[in-house]
Amino acid sequence: MNMFDSINPRDFQEHLYLYCLTDKDMQYRRFGKTNWQVSDIGYGMWGLAGWTGSDEAEIERSLDKAVDMGCNFYDTAWAYAAGKSEQILGRLVKRNPAKRLYAATKIPPMNFKWPASSAYSLTECYPLSHIVEYTEKSLKNLNLEAIDLQQFHVWDDSWVDHDDWKLAIEKLKKEGKVLHFGISVNRWEPDNALLALQTGLIDAVQVIYNIFDQAPEDNLFPLCSLLDVGVIARVPFDEGTLTGTLTKETTFPKDDWRSTYFVPENLIPSVDHAEALRPLIPSGMTMADIALKFILANPEVHTIIPGMRKIHHVESNIFASDGAVLEKSLLAKLKKHRWDRVPTSWSQ
Ligand SMILES: NC(=O)c1ccc[n+]([C@@H]2O[C@H](COP(=O)([O-])OP(=O)(O)OC[C@H]3O[C@@H](n4cnc5c(N)ncnc54)[C@H](OP(=O)(O)O)[C@@H]3O)[C@@H](O)[C@H]2O)c1
């Protein structure tokens, strides 16, 4: 009996391809001025410690599979279950001493309010002592000597002239505790970090960018290119809508944050927008495939961090990094599905 005996012949070709996909197939991009070569498909680690329906054993297997397939960029945050996701990443890095895995995490705002707003002061969110304290906590959770990329989990450009965040960056870099700093830009506010980038202190941005959310192309990406800032595209599936698996009847358990995000006024139009894409999906591909390939087509993005807990999602998402590009005519059609939204009470 060999590994293919149990596979339906219809699926044989796909399994054979996945079996053959090794780290030589993953594509890598230079991550701005850090000069790191990061896999164009990275790994988002929010859901695996924070969303309901996670299976711990499968999560560990999914992460190991991602490493085997050449994924080297992992995004977590202290706020993902108060350090639990960071601890999972720390264990992954220790299990793979021979591989250079890049660990990115985030400092929660001191007032624990998402998203940032100009109504909150920098002193309420990121005083120097808080930035240092949470970097120490993250170092402990990750069990690392230094954090590769430490990000501000929220940001408001009205804070740019305050000295605390600049002094914290200087101190933590000088002490060797953080190699690079980044900003995770608020949902649907891609321009709300442009001033911070212009200080030259920020090496990377993490921003929502997908078939719907194309606004980062207007101002943020050109500035990142100019300043050689690394770009992480987060929420590539619009929190699940762009996988094509949500329906207008989908519900989430009360303790899952998606129950507060996919409220009817969001879920219903989101499903409508996703369904409008269905006729464009080429045969043999899924909506998730085209969602990733759409982002990969943009050279201004260096890595995408899909949230993944299931091993078959890891396999199919990394499979998207095969270097094959979407046809220009399809890309042009997808571009027309841009959907500009503004922050609301439920958008977080
Ligand atoms: N403020 C911030 O800084 C911030 C906010 C949001 C997200 N993030 C980061 O961005 C990452 C990605 O965002 P996200 O996880 O919120 O949303 P996402 O990547 O847009 O969507 C994740 C969802 O898509 C599903 N999925 C993944 N691959 C799939 C596939 N091939 N087919 C069908 N379904 C698939 C996942 O299922 P399974 O989980 O079951 O595999 C999960 O339910 C996070 O994990 C986090 O690292 C940062």
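The values are calculated or read from the model by the stated rules, or taken from the named source; none is laboratory data. Worth saying up front: this structure is predicted, and the values here are computed from it rather than measured. Ideal geometry is used to build each Cβ from the backbone, glycine not excepted, and the neighbour counts take in all protein chains shown. When the accessible area is computed, the model is the full protein with side chains, heavy atoms only, and any ligands, DNA or RNA have been set aside. Shrake-Rupley method; radii C 1.70, N 1.55, O 1.52, S 1.80 Å.
Residues of segment 63-102 being in a strand (DSSP E or B), among the hydrophobic types (A, V, I, L, M, F, W, C) and either away from the ligand (no atom under 12 Å from the Cβ) or surrounded by fewer than 16 Cβ atoms within 10 Å (Cβ to Cβ) (or both), which ones? Write out each step before concluding.
Taking segment 63-102 as the starting set, the residues that turn out to be in a strand (DSSP E or B) are 73-75, 102.
Pick out the ones that are also among the hydrophobic types (A, V, I, L, M, F, W, C) and you get 73.
Scanning segment 63-102 gives no hits.
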Of the criteria (1) open to solvent by 20 Å² or more (accessible area, probe 1.4 Å); (2) within 13 Å of the ligand (Cβ to nearest atom); (3) not hydroxyl-bearing (S, T, Y), which one A49 fails: (1)
Residue check, I59 touching a Phe, Trp or Tyr at 6+ places or on another chain (Cβ under 7 Å) and surrounded by 16 or more Cβ atoms within 10 Å (Cβ to Cβ): no
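When the residues of segment 281-296 are filtered to those that are among the hydrophobic types (A, V, I, L, M, F, W, C) and buried (at least 17 other Cβ atoms within 10 Å of the Cβ), which remaining residue is nearest to the ligand (Cβ to nearest atom)?
Just the residues of segment 281-296 that are among the hydrophobic types (A, V, I, L, M, F, W, C), to begin with: 281, 285, 287-288, 290-292, 294-296.
Adding the requirement that they be buried (at least 17 other Cβ atoms within 10 Å of the Cβ) leaves 287-288, 290-292, 294-296.
Numbers: M287: 8, A288: 4, I290: 11, A291: 8, L292: 8, F294: 13, I295: 11, L296: 14 Å.
This residue is A288.
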Test: T251 is open to solvent by 40 Å² or more (accessible area, probe 1.4 Å), near the ligand (Cβ under 8 Å from one of its atoms) and in a loop (DSSP other than H, G, I, E, B): no
Meets criteria (at pLDDT 95 or above, open to solvent by 10 Å² or more (accessible area, probe 1.4 Å) and touching a strand residue (DSSP E or B) at 6+ places or on another chain (Cβ under 6 Å)) for A146: yes
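Across segment 297-317, which residue is farthest from the ligand (Cβ to nearest atom) among those that are of a type in the set (A, V, I, L, M, F, W, C) and closer than 19 Å to V231 by Cβ? So that I can check it myself, show each step before the final result.
Residues of segment 297-317 of a type in the set (A, V, I, L, M, F, W, C): 297, 301, 304-305, 308, 311, 314.
If we keep only those that are closer than 19 Å to V231 by Cβ as well, we get 297, 301, 304-305.
Working: A297: 17, V301: 13, I304: 9, I305: 5 Å.
Out of the qualifying residues, it is A297.
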Enumeration of residues in segment 182-202 that are in contact with a strand residue (DSSP E or B) (Cβ under 8 Å, 6 or more places away or on another chain) and either of a type in the set (A, V, I, L, M) or surrounded by 24 or more Cβ atoms within 10 Å (Cβ to Cβ) (or both): G182, I183, S184, V185, A193, A196, L197, L201, I202
Test set (1) in a helix (DSSP H, G or I); (2) open to solvent by 10 Å² or more (accessible area, probe 1.4 Å); (3) more than 16 Å from the ligand (Cβ to nearest atom); (4) in contact (Cβ under 8 Å) with a residue 12 or more places away in the chain - G240 fails condition number: (3)
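Which fully enclosed helices (runs of 4 or more DSSP H) of segment 279-348 have 2 or more residues being under 19 Å from the mean Cα position of the chain (by Cα)?
Where helices (runs of 4 or more DSSP H) fall fully within segment 279-348 and carry at least 2 residues being under 19 Å from the mean Cα position of the chain (by Cα), they are 287-296, 311-319.
Please tell me if S117 is among the small types (G, A, S), under 17 Å from V93 (Cβ atoms) and open to solvent by less than 40 Å² (accessible area, probe 1.4 Å). Don't jump to the end; show me each part of the working.
On the way: among the small types (G, A, S): yes; under 17 Å from V93 (Cβ atoms): no; open to solvent by less than 40 Å² (accessible area, probe 1.4 Å): yes.
Taking the combined requirement at face value, the residue does not satisfy it.
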